[in-house]
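Asker: Input: one structure, supplied below.
The values are calculated or read from the model by the stated rules, or taken from the named source; none is laboratory data. What you are looking at is a predicted structure, and each value in this text was computed from that prediction instead of being measured. Heads up, the Cβs are rebuilt from the backbone with ideal geometry, glycines too, and the neighbour counts pull from every protein chain shown. The accessibility values were calculated without ligands, DNA or RNA, using every heavy atom of the protein model including side chains. Shrake-Rupley method; radii C 1.70, N 1.55, O 1.52, S 1.80 Å.
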Amino acid sequence: MHRREHEEHAEAVASGGREGSGAGQDVVVVGAGVAGTSVFLHLVRALSRAGAGAPLPVRSVHLLDPHPVGWGLAFGDRDPLLLCNSAAEVNSLLAGEPADFVHHLREHGWTGEPRDCVPRSRMAEYCQDRYAQARKEATALGVEVRHVRARAEEIGTQPDGRRRVRLSTGAELTADAVVVCTGVHRPRVPDGFVGLTGHPRYLDSPYPAGRLRRELPPGSRVLVLGTRQSAVDAALVLCRDGHRAVMTSPSGLLPSVRVSLGAPARNFPPLDRIARLDPDDPLLPDRIQRCTVEAVRLLSRRPLRRQTSAAPDPVQRLREETALVDAGVSAWPGVVVAVLEAVIELSATLPAPRREALMERFAWFVSRYATAMTVVNARRLLTHVATGALRLAHPYPVAVAFEDGAWQVRWRGAESAPERFDHVVNGTGFHPPVLHRSRDSATLYLTGPQGDAGVVDHLEADLRVRRGPGAPPERVWVAGVGTHVRIPFANHLRNVVRQARQVAEDVVRVRPEAVRGA
């Protein structure tokens, strides 16, 4: 723990959430990753605009996170091999200032291009840097700011309407407004591994990458479950460190290849039509696909089918798509962000079942193209395949057991003895965070269901929690990945920072005298 953060943590626990001076609100931000940091930055900006001499609508802000600001699961890994999947030009924490991350990198000696991907730790450093600056600005305004190194576990309601936030340390904080910005934490359980995930030679995720170095003996044979981004990360780290890895998944498909997930290459009138489509149209998915194809044609006359590979072998497909990127004839990535944002806007008009059906129909687009890998990682994978350090196996195992000191894996159609592995690494990703509400509606649980608590599966456009559809909004907001119950692609960073600005301005907009007793 850094010295200043240790002091902040000790002060906050000792105070028990003691109110600051003035009549403004006490705000708690749960999570200090990208979403939480962005909410804090936009809060400070909104307070700076409140007007000199006017009572500030916020008097204290507590950020709750057991990790240093910015150094959570998504970006808090110092291994330089782990890259952001999106370009530097779309990773700003500030809505309306898309170049802020690039400016930060330039200030620290970076000489890359805005469309390049940088190591994830650079995002964590950026969050920490901007937090430190904003904290000084808030302190100068008279706002008390503390980062508390603890996890929020539940949010209760007091008789006076204020919120009581219970921490993993047993301490409690009192707040007038709570913004929930928790990221992903709970790994998925891969097919065939129910009951096996507690085994000492099973790693539930590849993060932090240091776990792989600490827990795997040199030269291990490792089965990597999954073929998407988390699994790609696992395979790259394992092969670099001298292990031999086999990747497998039910689909057997790797993500497609692109330079990066960059800003839209231009305006796309065909995509503007998506938000105006009839939500009840049974042909809605087909119309979205047609708009997307028309948008790609604005970037290249080369047919879309010739900008990607249809090779049935995943390695051959990876090789061909890498070659297309290197030849500069892969134009489709230039429309992806615009497509994501058009579908996000359309989703606001869809009831939950229709939104879920739409996303299920487009699962192929999400897994292959929305989350395509950077060409840098594609080249690395191909190198490891060429040296024999990496293999892709399909179909998925039909049976797995740990016997005779090793994982025994049987493949469909294989008549020989089972293949032996020293370790298994789960790279199938994480469940999105879900809020649960107690039966009496008085408490929100952030770390999983308690007793007969129900799932909070509804958010309206203001991103405020309600006891049910049509109920009055509570003074609890959600921003970031947790908005997946309303918004597809909830981890899309440009959308996350827009949410952060919206929520911060909404929190500040409420007059201090109207908060307590409401």
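Asker: How large is the Rg to Rh ratio of region 375-518 when both quantities use alpha carbon positions and Rh follows Kirkwood? Each step should come with its number before you reach the end.
Answerer: On the way: Rg = 23.8 Å, Rh = 20.1 Å.
That ratio equals 1.19.
Asker: How much length is gained if the chain between V376 and L81 is pulled fully straight, taking 0.36 nm per residue apart and subtracting their Cα-Cα distance, in nm to one decimal?
Answerer: Numbers: separation 295, 0.36 × 295 = 106.20 nm, distance 1.02 nm.
Answer, rounded to one decimal: 105.2 nm.
Asker: Calculate for the chain the 222 nm mean residue ellipticity that helices alone would give, adding -39,500 (n - 2.57) per DSSP H run of length 4 or more and normalising by residue count, nearest 500 deg cm²/dmol.
Answerer: Details: 13 runs with 162 residues, N = 518.
Calculated mean residue ellipticity at 222 nm is -10000 deg cm²/dmol.
Asker: What span do the alpha-carbon atoms of region 104-191 cover on each of the three principal axes, reported in whole Å from largest to smallest?
Answerer: Result, largest extent first: 55, 53, 21 Å.
Asker: Hey, another quick one. Can you tell me the dipole magnitude for region 390-518 around its Cα centre, using point charges on the Cβ only (Lys, Arg +1; Asp, Glu -1), in Debye to the nearest 20? List each step's numbers first, then the result.
Answerer: Details: 17 positive and 14 negative charges, 130 e Å.
For region 390-518, the charge dipole is close to 620 debye.
Asker: In Å, the Kirkwood hydrodynamic radius of the chain over pairs of distinct alpha carbons? Write down the numbers at each step before the final one.
Answerer: Details: mean 1/r = 0.0408 Å⁻¹.
Its Kirkwood hydrodynamic radius stands at 24.5 Å.
Asker: Working out 0.36 nm times the residue gap between Q133 and R410, then minus their Cα-Cα distance, what length gain in nm do you get to one decimal? If you can, show how the numbers build up before the last one.
Answerer: Working: separation 277, 0.36 × 277 = 99.72 nm, distance 5.49 nm.
Extra length from Q133 to R410 when fully extended: 94.2 nm.
Asker: Could I ask something else about it? Write down the accessible area per residue of region 380-517 in Å², having rolled a 1.4 Å probe over the full set of protein chains.
Answerer: Values: 6390 Å² over 138 residues.
Ligands and nucleic acids excluded, the result is 46 Å² per residue.
Asker: To continue, here is another question. Per-residue HN-Hα couplings for region 217-228, Karplus 6.51 cos²θ - 1.76 cosθ + 1.60 at θ = phi - 60°, whole Hz, x for Gly and Pro?
Answerer: Once rounded to whole Hz, the list reads x, x, x, 6, 9, 10, 8, 9, 8, x, 9, 9.
Asker: Per residue and in cubic angstrom, what volume does the convex hull of the Cα atoms of region 199-331 have? Before the final figure, lay out each step's value.
Answerer: Numbers: hull volume 22.5 nm³, N = 133.
Normalising the Cα hull of region 199-331 by residue number yields 170 Å³.
Asker: Now for a separate question. Give the residue list of trypsin sites (Lys or Arg not before Pro) in region 421-511 that are DSSP loop and have at most 16 other beta-carbon atoms within 10 angstrom.
Answerer: Loop-located and lightly packed - R439, R467.
Asker: Can you give the relative contact order of region 39-108 as a percent, counting alpha carbon pairs under 8 Å and 6+ residues apart? Could the numbers behind the result be given before it?
Answerer: On the way: 28 pairs, mean separation 13.6, N = 70.
The normalised contact order for region 39-108 reaches 19 percent.
Asker: Rounded, prolate or oblate: which fits region 34-167, taking a ≥ b ≥ c as square roots of the Cα gyration tensor eigenvalues, rounded meaning a/c under 1.5, else prolate when a/b beats b/c?
Answerer: Taking the square roots of the gyration eigenvalues as a ≥ b ≥ c, region 34-167 is oblate.
Asker: A further question on this structure: Hey, can you find the accessible area per residue of region 38-136 for me, probe 1.4 Å, expressed in square angstrom? Write down the numbers at each step before the final one.
Answerer: Numbers: 3760 Å² over 99 residues.
With all protein chains present, region 38-136 gives 38 Å² per residue.
Asker: Want the number for E460 to L283: 0.36 nm per residue separation, take away the alpha-carbon distance, what's left? Can you show the working numbers first?
Answerer: Numbers: separation 177, 0.36 × 177 = 63.72 nm, distance 2.55 nm.
Working it through step by step, the gained length comes to 61.2 nm.
Asker: Then there's this: Could you provide, to the nearest whole Å², the per residue accessible area of region 152-255 with probe 1.4 Å? Before the final figure, lay out each step's value.
Answerer: Details: 4030 Å² over 104 residues.
Solvent-accessible surface per residue comes out at 39 Å².
Asker: Show me the GluC sites (Glu not before Pro) within region 35-130 that DSSP assigns to loop and that have at most 12 other Cβ atoms within 10 Å of their Cβ.
Answerer: Values: sites: E89, E107, E125; in loops: none.
Passing both the DSSP loop test and the Cβ count: no residue.
Asker: Could you pull out which residues in region 145-160 have an amide N less than 18 Å from a spot 7 Å beyond the Cα of R467, following the Cα-Cβ vector?
Answerer: Under cut-off, by backbone N: 155-160.
Asker: Taking a spot 7 Å from the Cα of L141 along the direction of its beta carbon, which residues of region 63-94 have an amide N less than 17 Å from it?
Answerer: Zone members listed by number: 63, 94.
Asker: By accessible area of protein heavy atoms, probe 1.4 Å, what ranking do L392, L358 get, highest first?
Answerer: So the residues, ranked largest to smallest area, are L392, L358.
Asker: Let me ask something additional. Percent of accessible area on the chain owned by carbon and sulfur, 1.4 Å probe?
Answerer: Working: 11540 of 22360 Å².
Solvent-exposed carbon and sulfur of the chain make up 52 percent of the total.
Asker: Now for a different question. Computed over the Cα atoms of region 308-404, what is the ratio Rg over Rh, Rh following Kirkwood? Mind showing how you got there, number by number?
Answerer: Working: Rg = 17.8 Å, Rh = 16.4 Å.
Ratio of gyration radius to Kirkwood radius for region 308-404: 1.09.
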